[in-house]
Each structure stands twice: as C-alpha cells, then as structure tokens.
Amino acid sequence: MSQKNETAILALALLLTVGIVGGSFWWFSNNGVKIGNNIIPNQEPGNNSSLQDRISFGEKFFTPGDISPVKKEGVQALAAKNYDQAIANFIAALKLNRNDPEALIFLNNARIGSSKSYTIMASVPFGTNPNVSLEILRGIAQAQNQVNSSGGVKGVPLRVGIANDDDNPEISKQIASTLVSNSEVLGVVGPNTSDSTLAAGAIYTSGQLVAISPTSTSVKISNFSHYVFRTVPSDFMAARTLANYMVRTLQKKNAVVFFNSQSNYSQSLKSEFVSSVSLEGGQVASEFDLSKADFSAAKSVEQATKQGAEVLMLAANTETLDKALQVVQINQKKLILLGGDDVYIAKTLEIGREQAVGMVLAVPWHIDSNPKSDFPQKSRQLWGADVSWRSALSYDATVALIAALKRNPTRDGVQQALLSSDFSATGASGTIRFLASGDRNAPVQLVKIVPGSRSGTGYDFEPVR
C-alpha cells in the first residue's frame with residue numbers, strides 16, 4: 001500500500017471517529033438499532049462527583065442530553081416525596097420517549113413510594129459510557145416492571161437504585177462500600193467492566209452482598225468470590241468459540257492479535273484466544289498492544305502480512321476501539337477479521353462499513369439467535385426497538401436476583417439461593433444457573449457483519465448459523 005493511500009485511509013478513519021463522537025445524532029444499541037436521540041454527555045456527573053451525587057432512586061437523573069421538562073418535574077416530585085405527581089410526570093415522560101429505562105425505573109419506584117419494598121442496585125458507567133449504561137438499565141427496568149406488574153416478589157415490590165461508577169475501579173469500590181453499609185440493599189447488578197467488578201467484588205465479598213455482573217467476562221472472575229456472579233459467559237468460552245471457528249470452519253491456522261495491555265478484559269480475551277488457537281493446532285504469530293503510544297495500524301498489518309497471518313483478531317476494549325477500527329480500514333478486507341464483544345457496537349458499523357463486512361464476532365446473545373424465546377417480542381413491545389446483548393444479560397441478572405429473593409429475601413438468603421444446586425430461573429437467553437465458580441455455563445453466539453438496513457448504517461450484525 002502506498003504511503004499516500006495509507007494516509008488517506010487513516011484520515012478517513014479519524015474523520016469518521018470524530019464525526020461520531022462529536023456529532024449530534026442518533027445513538028444505537030450494540031446490535032445497530034436506534035435507542036435514543038441526540039445523547040451528548042453533559043455535566044451529570046463527572047469524576048469529581050461526591051458519592052451522594054452518584055446514587056439515585058429517582059431524586060436525580062443521570063441520562064445525558066436533552067431531558068424533557070416532565071421528566072425533570074418527576075425527579076423533583078419524587079425527591080419531594082410527592083409520589084402521585086411523580087407518577088404522572090414519569091408516565092408523561094415515557095409517552096415522549098418510551099425508550100428511556102431510567103424513567104421507567106423511576107416510575108416503578110414512585111409507585112412504591114414509602115411502602116415496603118426489596119431493594120437492588122444497578123452499578124453502571126453513566127459518566128463515561130452513557131450508551132452502555134442505558135443498555136444495561138433496559139434489561140433491569142424490564143425485569144423490575146415485569147415483576148412489579150405481576151404483584152412483586154411474593155407481594156413485595158422491587159425498588160431499583162442506580163449508581164454511577166464511571167467504569168472506574170476506585171469509584172466502584174467506594175460505591176460498593178456505600179451499598180454494603182446500607183442494609184436495605186439486597187443485591188447489585190454490575191459493575192460493567194471486569195476491572196471494576198474485580199475491584200468492587202472484594203468489597204462486596206467482605207460485606208457479604210451479592211453482585212451479578214451482566215457484562216464482565218475476564219477469566220479472573222471465575223472462582224473469585226462466592227458473592228460475585230455473572231450472567232455473561234467468560235472469555236474462555238468466547239475465545240474457544242472463535243478459535244474453533246477459525247481453524248475448523250475457516251480452515252485458517254495463523255493469526256495475530258490486537259489487544260489492550262491495560263484492560264483486564266482485553267488481556268483475558270487475548271490470552272484465552274492464544275491458548276485456544278494452540279489447542280486447535282494453529283498459532284498466533286504476533287501480539288500488538290493497542291495501548292502503546294507508538295502503535296501503528298499500518299505497520300502492524302504490514303508485519304502481520306509478512307509473517308503469513310491469515311486472521312486479524314481484535315481483542316480491543318472500548319478505550320482502544322478507535323485504533324482497532326484503524327486496523328480494519330488499513331486491512332482493506334485482505335485478511336479475515338475476528339473480534340470480541342466490545343467490538344460489537346454501532347461504531348464498528350459506522351466506521352468499518354464495507355471494510356468490516358465479513359468480520360465475525362463472539363457475543364453472549366443476539367436478538368435473532370433463539371426464535372423460540374418470547375423475550376425479543378416483549379422487549380420490542382416495551383422499548384419500541386431491538387435491544388442488545390447487554391440488555392438481555394442485565395435482564396437475566398435481575399431475574400436471577402428476583403428468583404433468589406423469592407426464596408429468602410435477605411443477603412444471606414440471596415447468596416445461598418444462587419449457589420444452590422437446584423436454583424434456576426428463565427431469562428432472555430435461556431435457563432439461568434450458576435456454577436460454584438460464579439460462572440454461568442452458557443453458550444456464545446457468533447455474529448457476522450453484513451450489508452443490511454435495520455441499523456440505519458447500511459450494515460448489520462446477523463447470527464452465524
């Protein structure tokens with residue numbers, strides 16, 4: 001490739017990246033479907049926020065962007081314990097934007113008012129990743145709305161609080177300490193990243209409070225604690241599935257991996273993929289660290305080609321996705337592309353476009369992967385749009401907590417129920433059971449990027465059958 005062409009491609013990738021991050025237009029869920037309008041990060045709240053500012057049961061909102069006056073009025077009414085007014089406001093807000101999970105959670109909390117309830121918390125990164133936070137809250141809100149609409153947990157409604165942890169391990173630990181000290185909190189859904197889950201998990205363990213992460217995949221979480229669970233398969237499962245597909249289906253044996261050495265998730269997925277490829281009889285010729293200041297997509301792809309690589313595996317995390325997408329542009333569809341679940345985002349479709357067609361990703365769930373499930377239909381009816389795997393696995397985490405609360409609505413009772421050999425619940429992605437390691441023995445779904453119209457980008461993710 002000429003230096004002129006290389007420069008042009010990198011400039012295009014940078015331009016598209018800046019346009020997506022800085023522009024004012026639609027956000028998408030991670031399967032490429034509209035989920036909100038003009039979401040632009042605002043001051044709610046930054047890294048300097050006090051812990052009090054980071055926790056809400058409806059007295060403050062975290063969703064950035066343009067907030068309707070009626071939602072703001074609802075928040076004010078709920079803070080003033082004017083529950084009837086808050087209910088009316090949140091109902092009106094949802095008529096304006098039915099796809100707002102925060103408003104639905106606040107509505108259900110307002111309906112509970114000062115009555116007896118069982119309380120769980122969501123630990124999500126609103127300050128740094130509002131889109132992922134909304135995806136996670138959609139699953140939690142749907143489960144809360146479902147159980148409360150049907151009479152609650154044996155007659156007792158479920159109250160949900162939201163904690164903004166910014167995907168920051170230190171902040172996650174501080175939030176965990178606060179939640180542990182509140183005896184009313186009986187379980188936590190989250191945190192989002194593996195780094196935050198491992199950091200906060202130590203606090204939840206010492207405080208004997210269960211946390212179920214719907215999105216943390218690092219293998220280090222397996223057997224980490226009897227109080228830390230997850231509804232998402234570990235990186236071991238994703239890596240084995242990708243390696244098997246590469247060697248047995250694609251008949252390719254030589255790969256290179258792009259990863260972020262500063263991310264527990266990225267390190268985990270990379271290491272598991274290297275081991276899995278070796279077990280399948282293949283090899284990983286090189287590993288490229290996306291977090292290095294001198295990383296060059298062009299030089300890395302050139303080196304991979306010289307080493308006879310047939311496959312580029314993108315084990316990027318959110319922070320290094322832009323660099324991974326530069327690799328996609330530079331590659332020009334010459335080498336096969338594989339990736340992990342953090343690459344499963346609308347930005348990949350927007351920037352990758354034709355150069356990303358054919359890329360295969362390992363994800364925990366896809367809305368079209370199980371035609372027999374009624375969850376896709378119910379979620380579409382509720383939100384007016386398709387939901388991502390984060391919503392589905394967050395729904396499962398909340399359903400698991402609800403099932404445990406039905407057995408014994410105490411912290412010890414919840415933990416013992418989840419570890420019980422006869423525990424099971426039905427979630428969006430099938431039966432929910434936990435191993436002694438805290439893992440859920442669930443399969444991984446491969447998806448491929450194809451031309452399509454559903455996302456509005458001209459490209460879609462579809463299951464690999």
Alpha carbon centre of segment 358-405 versus segment 298-330: separation in Å? 30 Å
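For n ≥ 4 DSSP H runs only, could you compute -39500 (n - 2.57) per run for the chain, divide by its residues and tell me the 222 nm figure to the nearest 500?
When only DSSP H runs of four or more count, the value is -13000 deg cm²/dmol.
Take every Cα-Cα pair in segment 116-163 and report what % of them are more than 15 Å apart.
Working: 511 of 1128 pairs.
The proportion of pairs with Cα distances above 15 Å equals 45 percent.
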Given R₀ = 35 Å, what would the calculated FRET efficiency be for K154 paired with S421, taking r from the Cβ atoms and rounding to 0.05? 0.95
Result for the chain: accessible area per residue, probe 1.4 angstrom, in square angstrom, of 39 Å²
Separation of the N97 and R380 label points, Cα + 7 Å toward Cβ, nm: 2.4 nm
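Taking the highest mean first, how do the peptides 162-171, 187-196, 353-362, 147-156 order by number of other beta carbon atoms within 10 angstrom per residue?
Values: 162-171: 23.5, 187-196: 29.1, 353-362: 20.1, 147-156: 14.8.
The most tightly packed comes first, giving 187-196, 162-171, 353-362, 147-156.
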Return the long-range amide H neighbours of Q332 (sequence gap of 5 or more, or a different chain), with a cut-off of under 5 Å between placed amide H atoms. none
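Expressed in nm to one decimal, what extension gain is obtained for the pair K372 and K116 from 0.36 nm per residue of sequence separation less their Cα-Cα distance? The partial results should precede the final answer.
Details: separation 256, 0.36 × 256 = 92.16 nm, distance 3.65 nm.
Difference between extended and current length: 88.5 nm.
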Label zone at R465 (point 7 Å along Cα-to-Cβ), backbone N below 15 Å, segment 345-372: 368-372
Out of residues 5 or more away from Y459 or on other chains, whose amide H comes under 5 Å of its own, with H placed 1.01 Å from N in the peptide plane? G452
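For segment 252-328, give the percent of accessible area contributed by carbon and sulfur heavy atoms, probe 1.4 Å, rounded to a whole number.
On the way: 1290 of 3040 Å².
Here it works out to 42 percent.
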For the chain: relative contact order, % (alpha-carbon pairs under 8 angstrom, 6 or more apart): 17 percent
Size of the dipole of the chain about the Cα centre, Lys and Arg at +1 and Asp and Glu at -1 on the beta carbon, nothing else charged, in debye to 20? 900 debye
Once Lys and Arg get +1 and Asp and Glu get -1 on their Cβ, which of N254, G187, N317 lies farthest toward the positive end of the dipole of the chain? G187
Mean Cβ neighbour count within 10 Å, used as a protection proxy, ranking 266-272, 111-117 highest first: 266-272, 111-117
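Under unit Cβ charges (Lys, Arg +1; Asp, Glu -1), what dipole magnitude, rounded to 20 debye, does segment 252-331 have relative to its Cα centre? Walk me through the numbers on the way to the answer.
Values: 7 positive and 9 negative charges, 34 e Å.
That gives segment 252-331 a dipole magnitude of about 160 debye.
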Excluding residues fewer than 8 positions from K71 in its own chain, the aspartates and glutamates with Cα under 20 Å of it are E44, D53, E59, D84, D100, E102, E135
Distance between Cα centroids, segment 190-256 to segment 87-122: provide it in whole Å. 31 Å
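How high is the relative contact order of segment 102-227, in percent, counting Cα pairs under 8 Å that sit 6 or more residues apart? Please list the in-between numbers first.
Details: 219 pairs, mean separation 33.1, N = 126.
So the answer I get is 26 percent.
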What is the packing order of peptides 198-207, 229-238, taking the mean over residues of other C-beta atoms within 10 Å and listing the highest first? 229-238, 198-207
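The values are calculated or read from the model by the stated rules, or taken from the named source; none is laboratory data. Note that the structure is a prediction, hence the values are computed from the model and not measured. Glycine also receives a Cβ, built like all others from the backbone with ideal geometry; neighbour counts cover every protein chain displayed. All accessible areas refer to the heavy atoms of the entire protein, side chains included, with ligands and DNA or RNA removed. Shrake-Rupley method; radii C 1.70, N 1.55, O 1.52, S 1.80 Å.
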